[in-house]
1. Scan the stretch 1-29 residue by residue and report those that are under 15 Å from Tyr64 (Cβ atoms), charged (D, E, K, R) and without any contact (Cβ under 8 Å) to a residue 60 or more places away in the chain.
2. For Leu176, work out the one condition from (1) surrounded by 12 or more Cβ atoms within 10 Å (Cβ to Cβ); (2) under 24 Å from the mean Cα position of the chain (by Cα) it doesn't fulfil.
3. Being touching a Leu at 6+ places or on another chain (Cβ under 9 Å), assigned by TED's automatic domain parsing to the domain that holds Gly126, over 18 Å from Lys257 (Cβ atoms) and loosely packed, with under 15 Cβ neighbours inside 10 Å narrows it down to one residue among Ser145, Ser210; which is it?
4. List pairs: first residue in the stretch 80-107 and under 19 Å from Met36 (Cα atoms), second residue of a type in the set (S, T, N, Q) and assigned to a helix (DSSP H, G or I) anywhere in the structure, Cβ distance under 9 angstrom, at least six positions apart or on different chains.
5. Under 9 Å between Cβ atoms, at least 6 apart or on separate chains: pull out the pairs that start in the stretch 234-254 with a residue that is in the same structural domain as Ile111 (by TED's automatic domain parsing) and end on any residue that is basic (Lys, Arg).
6. So which of Gly19, Gly106 is under 29 Å from Asn232 (Cβ atoms), of a type outside the set (S, T, N, Q) and surrounded by fewer than 21 Cβ atoms within 10 Å (Cβ to Cβ)?
7. Against the definition (buried (at least 18 other Cβ atoms within 10 Å of the Cβ) and not in a loop (DSSP other than H, G, I, E, B)), how does Ala112 come out, yes or no?
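The values are calculated or read from the model by the stated rules, or taken from the named source; none is laboratory data. It should be emphasised that the depicted structure is a prediction, and the values quoted were computed from it without experimental measurement. Cβ sites come from the backbone with ideal geometry, for glycine too, and all protein chains shown count toward neighbours.
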Amino acid sequence: MILIADCGSTKIDWCLLNGKEKVAQIFTTGMNALLMTQEEMTQRIADELMPNIANYEVTEIYYYGAGIISDEIKSHVINALKANIPSATKIEVDSDLLAAARALCGRKPGIACILGTGSNSCYYDGEKVVDNVSPLGYILGDEGSGAVLGKLLVGDVLKKQLPEHLCEKFLKEYNLDRNKIIDAVYRKPAANRFLAQFAPFLEHNIEEPSIHRIVLHSFIDFFVRNVENYDNYKELPCNFVGSIALLEKATLLEAAKSQGITVGNIIQDPMEGLIKFHSTEA
């Protein structure tokens with residue numbers, strides 16, 4: 001049997017396949033391999049995953065995850081998986097970016113993009129990621145992401161760049177004031193997730209010109225500063241995975257059209273695409 005893992009910092013989506021048949025799908029607490037020791041990952045897999053798959057013989061594992069940035073980290077994940085699933089004779093560990101590319105493009109070349117809490121992109125040749133513009137995080141980059149859209153929205157609210165009724169509506173809806181926002185952004189952990197939570201407000205008010213401008217310009221920035229760095233970007237489909245891409249699909253398509261970019265697939269998460277990729281022959 002094949003075990004596929006789509007691992008983020010918040011949750012892991014595990015899917016067990018018997019050929020093309022989905023046998024089980026399990027959700028466990030997320031793991032960022034950059035921030036956890038091998039021992040911690042081994043224990044979490046033992047505690048949360050193994051009780052759900054103990055009766056199945058897994059022979060292949062394809063693990064895609066946050067924080068897979070070096071061979072050393074990759075080996076820690078492989079060892080954590082081996083310790084729990086010794087029956088696996090093949091274990092591949094790769095980045096969440098390759099997961100996006102395989103889910104979106106299959107075995108065809110294309111540009112694969114992630115638009116969620118953060119953003120990322122790559123040029124994929126149908127087998128591997130061959131070029132990647134560093135996303136740089138929500139302070140220096142991550143254009144078009146939930147965190148950056150939230151940052152732009154909050155900044156415009158606090159600096160009174162939006163109509164008064166929208167500023168009041170936002171603060172009331174989220175029970176916020178200036179002090180609470182400053183505290184959450186500058187003093188508490190996970191400011192990116194705090195800011196990304198405001199994406200639904202943008203979508204619910206997208207007909208407001210000032211809100212539409214925030215979203216459209218951030219997506220255009222994403223294309224200009226990321227996608228347009230890849231050779232042949234106008235000749236290849238530009239595909240997207242992530243909650244922001246799906247939530248703001250209409251505005252994303254508008255931004256792409258303005259830059260002469262053809263959009264291909266837009267999906268919320270990569271698992272279904274990964275199931276298709278790993279259950280079909282190359």
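1. Matches in the stretch 1-29: Lys11 only.
2. (2)
3. Ser210
4. Listed pairs, sorted by first residue: Ala80/Gln38; Ala80/Thr42; Ala80/Gln43; Leu81/Thr42; Ala83/Gln38; Ala83/Thr42; Asn84/Thr42; Val93/Ser75.
5. Pro237/Lys108; Phe240/Lys249
6. Unique residue meeting the criteria: Gly106.
7. When the stated conditions are applied, Ala112 passes them.
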